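Undergrad: Take a look at the following structure, please.
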Number of protein chains: 2
Amino acid sequence: MSNGFVIEDSEDIPKYSLEKVLGKVIHGNSLSVMKKLPKESVDLVFLDPPYFLQLPKKDLRRWNSKTIVNGVDDEWDKFKSFEEYDSFIKETLLLARDIMKPAATLWVISTYHSIFRIGKMMQDLGFWILNDVHWIKTNPMPNWLGVRFTNSTETLIWAAKDKSSRKYTFNKEWAKKLGIGKVAANVWEFPICTGKERLKDDDRRCKLHSTQKPAELLKRIILTTSNEGDIILDPMAGTGTAGYVARSLNRRFIMIEINPKYIDGMKKRFDRG
Amino acid sequence: MSNGFVIEDSEDIPKYSLEKVLGKVIHGNSLSVMKKLPKESVDLVFLDPPYFLQLPKKDLRRWNSKTIVNGVDDEWDKFKSFEEYDSFIKETLLLARDIMKPAATLWVISTYHSIFRIGKMMQDLGFWILNDVHWIKTNPMPNWLGVRFTNSTETLIWAAKDKSSRKYTFNKEWAKKLGIGKVAANVWEFPICTGKERLKDDDRRCKLHSTQKPAELLKRIILTTSNEGDIILDPMAGTGTAGYVARSLNRRFIMIEINPKYIDGMKKRFDRG
DNA sequence: AAGAGTTCTGAATCGCTGT
DNA sequence: GACAGCGATTCAGAACTCT
């Protein structure tokens, strides 16, 4: 399975043909690779960018167990300013839009740290927001000091390429099934990714990726807004949940990821089946 | 009660003293009136702006014909209308911030149509977002065409004046009580405003205000983020839910509203007790 | 093997004082 | 300003330990 699963990007490769990248993860910079993908070729984009959490540099020590909270301290979430973050997001959105078929739609996920910036930029770029969808976590990290509400949600924006987009895919029966009562509500409730689903690093002690998305999230996205055989692009694939779930639901996929550690984890995950 | 409840704003009034406006609604333009209120005088602001739900069809036609006549790009017109909305919101936010005490906080409510724009502008202006809070409507409008998820949420942003703000009010016991399980979650679930609570217009047939906020929403805002005796400003008061609930919870208030029809409804509501 | 009790952790813009 | 050090106090769910 993992034979030829990874494509090494390089400057020598000027363009990617669709056949070459389907069902693969391209190891390379998201922006560089997207420039080489064929225009108007994918049906759905799932964008899981850095959230720009702006966490303080000090550790968060637990009071009762002497352990430390492994927060997000990854290189990929470091930006110098809102400006730098904004231009990175804008470029990503523009490149993604080029690759989308006319009726394709795009999902973005983030928290209040950056979702508002992303949403406004999408509107300003001409994307047409179809919904905001709220993922309510049943097991969020509590707010110890009690100085804020416990942040127990993440926000998804689902958007079409522009206002005139029609005939995009929306499977209302699935939306109703996953919503609240009989309503296809823009609210989803399920736990964060833990337990066996959570990929561990080599010594099996620590989480491989600080923000692995649960399969349940991608399952809902894919079932409600794509059809069998559709092509799903995940330009910042991380541990590859989107491709993994896409495969299990008979969708095709293209993933891009720059970190070899995550690609290793992805490979093992795909091999396990 | 309604004796002296309404203050008529006019150009002859250069400034408002706090004593004069406490427990009153000022009939006038929100921006003009805010400029005359004393600086650093209120503890909490509740901002319920127009949501900018859609580009009106009339205007669209006008813009389209303009496009044909003047050869103006569609995108430009669209951007311009967003710009108008944005500058209105920005001016409102800046004026509100002047009126806020150093430890005061501000709430804004909207839907995906404009909440992303508002949130990004707040960050760019230096407001420090403390939480996004999601109101999940247990009885959303069934505007179900089967082409989108049913929009059954509204988003609130709770923010301090800037990053260094400390000692703002957060009553965690109330937050826990109103949250999910034992968690003071940033998710609130209750129905939209209907039945007896919903104000009707004079012939008692039609709702007075298209987006009257339920008392439950203001109750939660006020209980979690203000103390008894605090001063609450509602610059776009509509039917006056904020002031009405503030009074019942022993908070003081200042309201501003431009539409005399709403002020009439407000008066009756306050007189009823 | 099964059950009971304990430990650990999760996209976190979390407190304060003193140097 | 930054940074180090101290200290007060969250919950759901899975993993782990012990009987």
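Undergrad: Quick check: the distance between the Cα centres of region A:36-61 and region B:204-273, to the nearest angstrom?
TA: 40
Undergrad: Here's another thing I want to ask about it. Could you point to the residue in A:LEU60, A:ALA96, A:SER81 farthest towards the positive end of region A:51-98's charge dipole, with +1 and -1 charges on the Cβ of Lys/Arg and Asp/Glu respectively?
TA: A:LEU60
Undergrad: Here's something else I'd like to know. Pop the C-beta distance of A:PHE82 and B:GLU91 into the FRET formula with R0 = 22 Å and round what comes out to the nearest 0.05.
TA: Details: r = 21 Å, r/R0 = 0.94.
With a Förster radius of 22 Å, E is 0.60.
Undergrad: Among the aspartates and glutamates, which fall within straight-line cross-link reach of A:LYS268, defined as a Cα-Cα distance under 13 Å, with same-chain neighbours fewer than 8 residues apart omitted?
TA: Cross-link targets: A:GLU197, A:ASP201, A:ASP202.
Undergrad: Which whole-Hz ³J(HN,Hα) couplings does region B:217-231 yield from phi under the Karplus relation 6.51 cos²θ - 1.76 cosθ + 1.60, θ = phi - 60°, glycine and proline marked x?
TA: 4, 5, 4, 5, 4, 5, 5, 7, 10, 8, 10, 4, x, 4, 9
Undergrad: Once the dipole of region B:6-272 is set up with Lys and Arg at +1 and Asp and Glu at -1 on Cβ about the Cα centre, which of B:ASN139, B:HIS113, B:ILE231 lies farthest towards its positive end?
TA: Of the listed residues, the answer is B:ASN139.
Undergrad: Note down the magnitude of the dipole of region B:1-44 about its Cα centre, charges +1 on Lys and Arg C-beta and -1 on Asp and Glu C-beta and zero elsewhere, to the nearest 20 debye. All intermediate terms of the calculation are to be shown ahead of the outcome.
TA: On the way: 6 positive and 7 negative charges, 17 e Å.
My answer is approximately 80 debye.
Undergrad: Roughly what would the spin-label model give for A:ARG272 and A:ASP59, points 7 Å off Cα along C-beta, in nm?
TA: 2.8
Undergrad: While we're here: Just grab the label-to-label distance for B:ASN259 and A:ASN29, each label 7 Å out from Cα along the Cβ direction, in nm (one decimal).
TA: The modelled label-to-label distance comes out at 5.2 nm.
Undergrad: What would the Debye formula give as log10 I(q)/I(0) at q = 0.08, 0.09, 0.10, 0.12 Å⁻¹ for the alpha-carbon point model of the protein assembly as shown, no solvent?
TA: Relative scattering, expressed as log10 I(q)/I(0), comes to -0.57, -0.72, -0.88, -1.22.
Undergrad: Of the candidates A:GLY126, A:GLY238, A:GLY28, which one comes out as most mobile in a Gaussian network treatment of chain A with C-alpha springs shorter than 10 Å?
TA: Highest fluctuation of the listed residues: A:GLY126.
Undergrad: Quick one: among B:SER165, B:SER32, B:SER210, which has the greatest mean-square fluctuation in a GNM of chain B with alpha-carbon springs under 10 angstrom?
TA: B:SER210
Undergrad: Another question about this same structure. Please identify the chymotrypsin sites (Phe, Trp or Tyr not before Pro) of region A:52-127 that satisfy two criteria: DSSP loop assignment and at most 13 other Cβ atoms within 10 Å. Which are they?
TA: Details: sites: A:PHE52, A:TRP63, A:TRP76, A:PHE79, A:PHE82, A:TYR85, A:PHE88, A:TRP107, A:TYR112, A:PHE116, A:PHE127; in loops: A:PHE52, A:TRP63, A:PHE79, A:TYR112, A:PHE127.
Passing sites in region A:52-127 are A:TRP63.
Undergrad: Treat every Asp and Glu Cβ in region A:218-273 as -1 and every Lys and Arg Cβ as +1, leave all other atoms uncharged, and give the resulting dipole magnitude about the Cα centre to the nearest 20 debye.
TA: Working: 10 positive and 6 negative charges, 44 e Å.
The calculated dipole for region A:218-273 is roughly 220 debye.
Undergrad: Shielding by partners for A:140-147, please: the mean number of other protein chain Cβ atoms within 10 Å of each residue's Cβ. Don't jump to the answer; show the numbers that get you there.
TA: Values: counts 5, 1, 4, 8, 0, 2, 7, 6.
Across the residues of A:140-147, the mean count of other-chain Cβ atoms within 10 Å is 4.
Undergrad: Mind checking A:104-117 for the average number of partner chain beta-carbons within 10 Å of each residue's beta-carbon? List each step's numbers first, then the result.
TA: On the way: counts 0, 0, 0, 0, 0, 0, 0, 1, 12, 3, 3, 6, 14, 7.
Other-chain Cβ atoms within 10 Å of each residue's Cβ, averaged: 3.
Undergrad: Treating only the Cβ atoms of Lys and Arg (+1) and Asp and Glu (-1) as charged, compute the dipole magnitude of region A:6-272 about its Cα centre; round to the nearest 20 debye.
TA: Once rounded to the nearest 20, the dipole reads 860 debye.
Undergrad: Shifting gears a bit: Aspartates and glutamates within cross-link reach of B:LYS182: Cα-Cα under 17 Å, excluding same-chain residues under 8 positions apart?
TA: Output for B:LYS182: A:GLU189, B:GLU173.
Undergrad: Then there's this: Among residues other than B:LYS161 whose Cβ falls under 13 Å from its Cβ, what is the net charge (Lys/Arg +1, Asp/Glu -1)? Spell out each step's value before the answer.
TA: Working: positive: B:LYS39, B:ARG97, B:LYS101, B:LYS163, B:ARG166, B:LYS167; negative: B:GLU40, B:ASP43, B:ASP98, B:ASP162.
Local charge sum for B:LYS161: +2.
Undergrad: GNM, chain A, Cα, under 10 Å: largest mean-square fluctuation among A:ALA160, A:ALA103, A:ALA237?
TA: Residue with maximal mean-square fluctuation among A:ALA160, A:ALA103, A:ALA237: A:ALA103.
Undergrad: Taking all protein chains together and a probe of 1.4 Å, list A:ILE254, B:ILE13 from the most accessible to the least accessible. Show your work: numbers first, answer last.
TA: Details: A:ILE254 0, B:ILE13 30 Å².
Result, largest first: B:ILE13, A:ILE254.
Undergrad: While we're here: Between B:TRP144 and A:ASN70, what is the FRET efficiency for a Förster distance of 51 Å, r being their Cβ-Cβ separation, to the nearest 0.05? Provide the component values of the computation, followed by the final result.
TA: Working: r = 43 Å, r/R0 = 0.84.
E between B:TRP144 and A:ASN70, to the nearest 0.05, is 0.75.
Undergrad: While we're on this one: Starting from the Cα-Cα distance between A:LYS36 and A:ASN227, subtract it from 0.36 nm times their residue separation and give me the gain in nm to one decimal. Kindly include the intermediate steps, with their values, before the conclusion.
TA: Working: separation 191, 0.36 × 191 = 68.76 nm, distance 2.51 nm.
Taking 0.36 nm per residue and subtracting the Cα distance, the gain is 66.2 nm.
Undergrad: Based on a Kirkwood Rh over C-alpha pairs, give the Stokes-Einstein translational diffusion coefficient of region A:3-112 at 20 °C and viscosity 1.002 mPa s in µm²/s. Each step should come with its number before you reach the end.
TA: Values: Rh = 16.6 Å.
Diffusion coefficient, whole number: 129 µm²/s.
Undergrad: For chain A, what is the calculated [θ] at 222 nm in deg cm²/dmol (nearest 500), taking -39500 (n - 2.57) for each run of four or more DSSP H residues and dividing by its residue count? Please list the in-between numbers first.
TA: Details: 8 runs with 79 residues, N = 273.
Here the helix-only value at 222 nm equals -8500 deg cm²/dmol.
Undergrad: Listed here are the pairs B:LYS36/B:LYS163; B:LYS163/B:LYS261; B:LYS15/B:LYS161; which of them are more than 30 Å apart at the Cα?
TA: On the way: B:LYS36/B:LYS163 26 Å; B:LYS163/B:LYS261 39 Å; B:LYS15/B:LYS161 23 Å.
From B:LYS36/B:LYS163; B:LYS163/B:LYS261; B:LYS15/B:LYS161, over 30 Å: B:LYS163/B:LYS261.
Undergrad: Stick to the Cα atoms of chain B, pair each with every other, and give me the Kirkwood hydrodynamic radius in Å at one decimal. Display every interim value, and only then the final one.
TA: On the way: mean 1/r = 0.0503 Å⁻¹.
Its Kirkwood hydrodynamic radius stands at 19.9 Å.
Undergrad: Let me ask something additional. Note down the nm distance, to one decimal, between modelled labels 7 Å out along Cα→Cβ at B:TRP128 and at A:ILE13.
TA: 4.5
The values are calculated or read from the model by the stated rules, or taken from the named source; none is laboratory data. Because the structure is predicted, anything quoted here is derived from the model rather than measured. With ideal geometry, Cβ positions are generated from the backbone for all residues, glycine too; neighbour counts draw on all protein chains shown. Side chains are part of the model used for accessible areas, which takes the heavy atoms of the whole protein and leaves out ligands, DNA and RNA. Shrake-Rupley method; radii C 1.70, N 1.55, O 1.52, S 1.80 Å.
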